[in-house]
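Asks: Input: one structure, supplied below.
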Amino acid sequence: MNAPDAAFAATKAALIVDVWVDLFAASLARSGALGNGLPVVLTDTLRVLPLLESQSPIGWIHTSPRHYQDHVLVTHGQPAPRLRIDAAKHPADASQTLRRASLCLVAVPERDSAAAMAALAAKALQARASLLLFGTPQAGGWGAFDGLVRQGALQPVEAGGARVLASAGLAGALGDAGLHDVERGVALAAQMARARQADIHVERLDQAHLKLRLRIDPVLLVAAGSQTLAHHIVHEGRALFNSRGLGALLLPWGAPCQARLLLRNVRARIDGSQIALGGQSLAPLAVDYTEHGAFLKLELPAVAPGRDALLHLSLPRDAVPNDGFCDIGAAEFTIETA
Amino acid sequence: MMDLSTPTTPSTFAPSGLAAPRCLVVTFNRLVPADQGNSRRIMQLVRLYKSQGYEVDLLYHNEEGFDPALSHALAAEFGRVNVVRSRAPKHIQPGHVCRIVDWYDRGLDAAARDMHRLRGYNVVHVNYVWYSPLLEQFASDVVKVLDTHDVFGERRAKYTAAGMKPQWFSTSYADEDVALRRADAALAIQKEEAAELAARGHRNILYLPYVEPALRPFTARGGDRPLTFGYLGSGNDWNILSMAEFLSKMQARGVPFPHPIVVAGGVCRHVRDGTGVIKLGFVQELHTFYDAIDIALNPMVGGTGLKIKTVEPLCYGKPVLTTLPGAQGLTHLWQMPMFDDNAALTDYLFDRFGRTSGSSALEELTVSAATTRQALDAEYDGQVDRLARWLASRV
């Protein structure tokens, strides 16, 4: 591999680190290693960890304001707001949640919020939660965590092009293979599929790389930009667009991926939909019209560090029904960690 | 009466920088708008917890509908709201025996566990004895409160004694006893019910009456309309039976009562037309009814649980004339006349109001109503204080 290729691979590995973090944390939760404690994620961007969430409720603590409401599923019930605590607005809530954490995943930020996040992570450490810090090696926030790394005796973990530090117990659980443990990923996917906890298929590509295909209830991903839409989503239990045909979908992980979305109740062709991820405009790879609705196929780039993993869709006006809402009826994502 | 609209002692539990203690309330009632007695009772407790500095979450076991407007209203009232569809089988066995195991929905367990894992509750509060199995999902470090709303052990007997078909939930004493033992505290809404449960050997009973804040003062009546009596009730069997008996006793006097009797609520559909009886039907807001009357009537012949029709007029500055069954749970505080039955009630009405304008009798009743209200408030404040101290000792 020449130098530019190696640099590209390292960058990509860093961008997909949350896939591996999700696989590892989900395997911990599934094994019962978290006990009754709560897995907590410290982040400054809007993300999801769908595999961990299939095993346990997650407390999300945000160090930057967020403007969307997303949801979790409730057994036999209506979707409920995903617990996302704004640490600046509700510091006591954040502290209380951290006191009950058994695992604290820290997405080391790019921006100024690193000091606040490090202070929160220190509270998790005080509560004897296991810590796992992850991010791109270039992330500007790492410096703020130096004291915490010393205090918690956090150990570096092998994670390809990403930088990952973990409490001794977690580092031991990660073993020699580090975060990119293909065996762990394959075994976990098989267990979850057998238990019908997630519709995931994992294929080994080589010793350190996987191909994952995740089918997920889109209600877990839809993000509402207004209270009105959020309450309609809770009421109907569907991943709704708003009445003007605007919708936002959280991507599972920040990795580049292929997405297939089933758009239902659209009344006209949607080839001309406007689609954006971060600052990038995207065009669909294909749109297939079926009796179930329109299948939209997309090739999505990586979510840039420090950005929300939000895919925005704007349907043509004539595709939006007057007597109800369009929704996303199914969602499938395929990524390769190579 | 203690004002529960604003937290009075948050510092007890939530010193600066510390999160408030959390309470999970579990109910099948549509709480907003709280237009049923049981919803209002639950909101009374929600206000009470908030006044003690608690953050209150809701697990709504959806049996009374859910829509975006309700979702919005609940989100404004509660910290976190989870809604679970009811799948309780609710079998009723021959003889109208209901087993708690048949009425409890195990589908609530996972939702409650997940909410507790996320939010870490200090108190879990369930309503009605058949929700008590949910308390077993919480470890001993969580304080468990059961609001009974009513005594349901052999409740069917009260219906059959009145010649009615038993309605809703009635269980065995043994089943109810097991349910009560699951709670650290079981709230009784009436003093008599608290005594009955204590007599069955329960030592975790706390009496907490239902009182709402006063909305209107007790003032002299304006003379711009005739002296008016009123009854507001839903169309349940007890209300229909009570109103039918009361009106038949009035008509049996053979002379018309000189003052109008306004009837409102669902019971109107079951009330026969008669001289002097004005049927309003459903009223959107309670004050429109209470502002239109001078004296409330509660001619109950029986019934169970909350006696909201007896307490509610006192919130709107109106005296109440009630039979003894209508004043059950309040008799030790009651300063106004009470009547053994509807015969005695009609005797009183014709005696004091039959031939006169009734002004002096109304004046006397208004004074004793105000005194009753003060006694109720004092008792309520005392019981709230007792519950608050108990909670503080446990949380």
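The values are calculated or read from the model by the stated rules, or taken from the named source; none is laboratory data. None of these values were measured; they are calculated from a predicted model. Cβ coordinates were reconstructed from backbone atoms using ideal geometry, including for glycine residues, and neighbour counts include every protein chain displayed.
Asks: Being at pLDDT below 95, closer than 30 Å to A:ALA139 by Cα, outside the structural domain of A:HIS67 (by TED's automatic domain parsing) and surrounded by 22 or more Cβ atoms within 10 Å (Cβ to Cβ) narrows it down to one residue among A:VAL266, A:VAL303; which is it?
Replies: A:VAL303
Asks: Filter the stretch B:363-387 down to the residues that are hydrophobic (A, V, I, L, M, F, W, C) and surrounded by 19 or more Cβ atoms within 10 Å (Cβ to Cβ), then identify the one that is farthest from B:LEU333 (Cα to Cα).
Replies: B:LEU387
Results for (1) within 22 Å of the chain's Cα centre (by Cα); (2) at pLDDT below 95, shown as yes or no for each residue.
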| position | (1), (2) |
| --- | --- |
| B:ALA112 | no, no |
| B:LYS144 | yes, no |
| B:THR148 | yes, no |
| B:GLU154 | yes, yes |
| B:GLY163 | no, yes |
| B:GLU193 | yes, yes |
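Condition check ((1) closer than 16 Å to A:ASP18 by Cβ; (2) within 11 Å of another protein chain (Cβ to nearest Cβ)) across all residues:
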| site | (1), (2) |
| --- | --- |
| A:PRO50 | yes, no |
| A:HIS67 | no, no |
| A:LEU73 | no, yes |
| A:LYS89 | no, no |
| A:ARG99 | no, yes |
| A:SER113 | no, no |
| A:LEU125 | no, no |
| A:GLY135 | yes, no |
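Asks: Out of the residues in the stretch A:31-41 that are more than 12 Å from the chain's Cα centre (by Cα) and in contact (Cβ under 8 Å) with a residue 24 or more places away in the chain, state the one that is nearest to A:GLY225 (Cα to Cα).
Replies: Across the stretch A:31-41, the extreme among qualifying residues is A:VAL40.
Asks: Evaluate the stretch B:190-212: report whether one residue or more is over 22 Å from B:TYR380 (Cα atoms), in contact with a Ser or Thr (Cβ under 6 Å, 6 or more places away or on another chain) and not in a loop (DSSP other than H, G, I, E, B).
Replies: Checked against the condition, which is being over 22 Å from B:TYR380 (Cα atoms), in contact with a Ser or Thr (Cβ under 6 Å, 6 or more places away or on another chain) and not in a loop (DSSP other than H, G, I, E, B), the stretch B:190-212 yields no hits at all.
Asks: Continuing with this model, one more query. Give the number of residues within the stretch B:32-81 that are facing another protein chain (nearest Cβ under 10 Å), assigned to a helix (DSSP H, G or I), crowded, with 20+ Cβ neighbours inside 10 Å and hydrophobic (A, V, I, L, M, F, W, C).
Replies: Qualifying residue count, the stretch B:32-81: 2.
Asks: Another question about this same structure. Can you tell me which of B:ALA174, B:ALA220, B:ALA185, B:ALA179 is over 20 Å from the mean Cα position of the chain (by Cα), surrounded by fewer than 22 Cβ atoms within 10 Å (Cβ to Cβ), of a type in the set (A, V, I, L, M) and over 30 Å from B:VAL367 (Cβ atoms)?
Replies: None of the other options fit; the residue is B:ALA174.
Asks: For the condition out of contact with any Gly (no Cβ under 9 Å at 6 or more places or on another chain), closer than 30 Å to A:VAL40 by Cα and charged (D, E, K, R), what is the one hit in B:GLU154, B:GLU136?
Replies: Criteria check complete, one pass: B:GLU136.
Asks: I want to confirm something. Restricting to the stretch B:154-171 and keeping residues that are within 24 Å of B:VAL25 (Cβ to Cβ) and of a type outside the set (S, T, N, Q), which single residue is surrounded by the fewest Cβ atoms within 10 Å (Cβ to Cβ)?
Replies: My answer is B:TRP168.
Asks: Checking B:THR9 against (1) modelled with pLDDT of 95 or more; (2) over 23 Å from B:TYR128 (Cβ atoms): exactly one of these is not met. Which one?
Replies: (1) is the only condition that B:THR9 fails.
Asks: Let me ask something else. Only one residue in A:ASP5, A:ASP18, A:ASP22 is out of contact with any strand residue (DSSP E or B) (no Cβ under 6 Å at 6 or more places or on another chain), modelled with pLDDT under 95 and buried (at least 22 other Cβ atoms within 10 Å of the Cβ), so which one is that?
Replies: Matching residue, one of A:ASP5, A:ASP18, A:ASP22: A:ASP18.
Each row is one residue, and each column tells you yes or no for (1) assigned by TED's automatic domain parsing to the domain that holds A:PRO81; (2) buried (at least 20 other Cβ atoms within 10 Å of the Cβ); (3) under 20 Å from the mean Cα position of the chain (by Cα).
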{"site": "A:GLY140", "(1), (2), (3)": "yes, no, no"}
{"site": "A:GLY161", "(1), (2), (3)": "yes, no, yes"}
{"site": "A:MET192", "(1), (2), (3)": "no, yes, yes"}
{"site": "A:GLY225", "(1), (2), (3)": "no, no, yes"}
{"site": "A:LEU229", "(1), (2), (3)": "no, yes, no"}
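Asks: Still on this structure, please answer the following. Do the conditions hold for B:THR310, that is, is it closer than 20 Å to B:GLY37 by Cα and among the hydroxyl-bearing types (Ser, Thr, Tyr)?
Replies: So B:THR310 fits the description; yes.
Asks: Also, quick follow-up: For the stretch B:285-292, check the following and say yes or no: at least one residue is among the small types (Gly, Ala, Ser) and at pLDDT 95 or above.
Replies: There is no residue in the stretch B:285-292 that is among the small types (Gly, Ala, Ser) and at pLDDT 95 or above.
Asks: State all residues of the stretch B:290-322 that are closer than 24 Å to B:LEU197 by Cα and over 16 Å from the mean Cα position of the chain (by Cα); if no residue qualifies, say none.
Replies: The one that is closer than 24 Å to B:LEU197 by Cα and over 16 Å from the mean Cα position of the chain (by Cα): B:VAL301.
Asks: Looking at B:VAL151, B:VAL126, which is the one that is among the hydrophobic types (A, V, I, L, M, F, W, C), away from chain A (no Cβ under 14 Å) and either on the phi > 0 side of the Ramachandran plot or assigned to a loop (DSSP other than H, G, I, E, B) (or both)?
Replies: Matching residue, one of B:VAL151, B:VAL126: B:VAL151.
Asks: Continuing with this model, one more query. Would you please name the residue that is surrounded by the most Cβ atoms within 10 Å (Cβ to Cβ), looking only at residues in the stretch B:89-111 that are touching a Lys or Arg at 6+ places or on another chain (Cβ under 9 Å) and closer than 30 Å to A:GLN55 by Cβ?
Replies: B:ASP105
Asks: Can I ask one more? Given A:LEU179, A:LEU165, which one is outside the structural domain of A:ALA25 (by TED's automatic domain parsing) and either closer than 15 Å to A:VAL21 by Cβ or of a type outside the set (A, V, I, L, M, F, W, C) (or both)?
Replies: Exactly one residue qualifies, and that residue is A:LEU179.
Asks: Inside the stretch B:91-119, can you point out the residues that are touching a helix residue (DSSP H, G or I) at 6+ places or on another chain (Cβ under 7 Å) and within 14 Å of another protein chain (Cβ to nearest Cβ)?
Replies: Selection gives B:TYR104, B:LEU108, B:ASP109, B:ALA112, B:ARG113.
Asks: With the condition kept exactly as written, say whether any residue in the stretch B:213-235 is over 20 Å from B:ALA292 (Cβ atoms), at pLDDT below 95 and in contact with an Asp or Glu (Cβ under 9 Å, 6 or more places away or on another chain).
Replies: yes
Asks: Let me ask another. How many residues does the stretch A:227-276 hold that are of a type in the set (Ser, Thr, Tyr) and either part of a loop (DSSP other than H, G, I, E, B) or closer than 22 Å to A:GLU53 by Cα (or both)?
Replies: Within the stretch A:227-276, residues that are of a type in the set (Ser, Thr, Tyr) and either part of a loop (DSSP other than H, G, I, E, B) or closer than 22 Å to A:GLU53 by Cα (or both) number 2.
Asks: Further question on the same structure: Evaluate the stretch B:295-309: report whether one residue or more is more than 27 Å from B:GLY163 (Cα to Cα) and either in contact with a helix residue (DSSP H, G or I) (Cβ under 7 Å, 6 or more places away or on another chain) or at pLDDT below 95 (or both).
Replies: Among the residues of the stretch B:295-309, at least one is more than 27 Å from B:GLY163 (Cα to Cα) and either in contact with a helix residue (DSSP H, G or I) (Cβ under 7 Å, 6 or more places away or on another chain) or at pLDDT below 95 (or both), which makes the answer yes.
Asks: Quick check on my filter: what residues within the stretch A:82-126 are among the basic types (Lys, Arg) and either over 13 Å from A:PRO39 (Cα atoms) or touching a strand residue (DSSP E or B) at 6+ places or on another chain (Cβ under 8 Å) (or both)?
Replies: A:ARG82, A:ARG84, A:LYS89, A:ARG100, A:ARG111, A:LYS123
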